[in-house]
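Right, one structure below, let's go through it.
The values are calculated or read from the model by the stated rules, or taken from the named source; none is laboratory data. Just so it is clear, the structure is predicted and the values come from calculations on it, not from any experiment. Here the Cβ is made from the backbone with ideal geometry for all residues, glycine too, and neighbour counts use every protein chain on show.
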Amino acid sequence: MHPTIWSQLPNHLLEHVLSFLPLKTFLNLRSTCKHFNSLLFSPFFISKHSNLSSCSSPFSSFILLSHPQFLPKCPLFNTIINSWCNISLPLPPILTYPPDSSNLLSSSNGRLCFSNPKSSCFIICNLLGKSLRKVKFPNCPFRFELLTLVSNSNGYKIFMLSSIGSTNRALIYDSVLDSWLQFQGFDSILNENYHQKGVFFKGCLFFTTPEPFHVVIFNLETGSWGRSMIDLPGSLTFARLVSDEDNKLYLIGGTGVSGISKSMKLWELINYENGDENWVEIETLPEMLCRKFMSVCYHNYEHVYCFWHEGLICVCCYNWPEILYYKVSRRTWHWLPKCPSLPEKWNCGFRWFSFKPQIYATV
């Protein structure tokens, strides 16, 4: 079309025409000019594309595999069509150069949180919206554990535990305040849980302690710690927590004797808000699947971690390139197929994340 015709086309008509483009195509088109780039944030475009969680979206729902040798790209498994994607997730140069400069640690609502020790900062990215923020470490040198990225209606928070001198502290970065907050720490959730993050549930982060197993709770608003009074099931060899979008809390754990798992079970916490909470067993992993999983982790349960993804409870092992998952709606267990681009020689360093792209997730 002749440029003079485009130049006289009313903005609302131009927005309407461009809104019919596939979202991925439009994102590539943004670099054409400042005007096209600004259309992404117009009220019409936001109302049409703000809900990217629907099945019709080309960026609907993925499980992301991160491995140090995969950078600068991360393979994506599409849980809607149940297959690995032909393309990987490209990362900005700041995360990939120099090599081994960044590690992916957590994800939440389209945001990814990387640590970048060489720059002494965390990097929060929205890869779909092509935006990022550098968050400087609160002090240097800086060591931390159990980092958890939590999204809220206004932005996000980063939680972690860190030893400052001889004292263990809970540190929270608030994206709205753009500052770090410091609270009292909690020593007993450390040691064996370094692959498992906090689980966000009812405005708090929930953690399991190493044996003897308990659930401890950190209130993100008040910065206070508490301990659940409800006893966990007996004969546990390891315990992990998962929360879904419907505010249900699940417990995944091995059961056995002398620290060796003979089976793996799934429990749900009921009556939490009524003060009469209890763990109710809802599923047992079939014997053949249990044998494979236990042989995978070699009874090194500190390598086991879990997360929730679109109706799936995913159980992973740091040294195994497959995911065991439970489909809640069908009450069935499955193995996620191995990534076809994964070399056979890799045997550790596998980190999996739930990734649901959101254009308008601010960083």
### Query
Is it fair to say residue 60 is within 19 Å of residue 151 (Cβ to Cβ) and at pLDDT below 70?
yes
### Message
From the list 303, 309, exactly one residue is in contact with a His (Cβ under 7 Å, 6 or more places away or on another chain) and in the same structural domain as residue 146 (by TED's automatic domain parsing). Which is it?
### Response
303
### Hey, residue 280 in the same structural domain as residue 207 (by TED's automatic domain parsing), free of Cβ contacts under 8 Å to residues at least 24 places away in the same chain and of a type in the set (Val, Ile, Thr) or not
yes
### Message
Quick test for you: out of 228, 224, pick the one residue that is more than 28 Å from residue 287 (Cα to Cα), touching an Asp or Glu at 6+ places or on another chain (Cβ under 9 Å) and of a type in the set (S, T, N, Q).
### Response
228
### Task
Name the single residue, out of those in the stretch 91-107 being closer than 24 Å to residue 156 by Cα and in contact with a helix residue (DSSP H, G or I) (Cβ under 9 Å, 6 or more places away or on another chain), that is modelled with the lowest pLDDT.
101
### Query
When the residues of the stretch 262-297 are filtered to those that are farther than 13 Å from residue 233 by Cβ and of a type in the set (Ser, Thr, Tyr), which remaining residue is surrounded by the fewest Cβ atoms within 10 Å (Cβ to Cβ)?
295
### Selection from the stretch 18-56 of residues that are among the hydrophobic types (A, V, I, L, M, F, W, C), outside the structural domain of residue 90 (by TED's automatic domain parsing), modelled with pLDDT under 70 and loosely packed, with under 12 Cβ neighbours inside 10 Å
41
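Conditions tested, residue by residue: (1) charged (D, E, K, R); (2) touching a Lys or Arg at 6+ places or on another chain (Cβ under 9 Å); (3) modelled with pLDDT under 90.
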site: 201; (1), (2), (3): no, yes, no
site: 210; (1), (2), (3): no, no, yes
site: 218; (1), (2), (3): no, no, no
site: 233; (1), (2), (3): no, yes, no
site: 243; (1), (2), (3): no, yes, no
site: 247; (1), (2), (3): no, yes, yes
site: 253; (1), (2), (3): no, yes, no
site: 261; (1), (2), (3): no, no, no
### Task
Would you check if residue 71 is modelled with pLDDT of 70 or more, under 30 Å from residue 144 (Cα atoms) and either assigned to a loop (DSSP other than H, G, I, E, B) or not basic (Lys, Arg) (or both)?
no
### the stretch 223-261, subset under 18 Å from residue 200 (Cα atoms) and among the aromatic types (Phe, Trp, Tyr), residue surrounded by the most Cβ atoms within 10 Å (Cβ to Cβ)
250
### Query
Does residue 352 satisfy the condition of being closer than 27 Å to residue 149 by Cα, in contact (Cβ under 8 Å) with a residue 40 or more places away in the chain and in a strand (DSSP E or B)?
yes
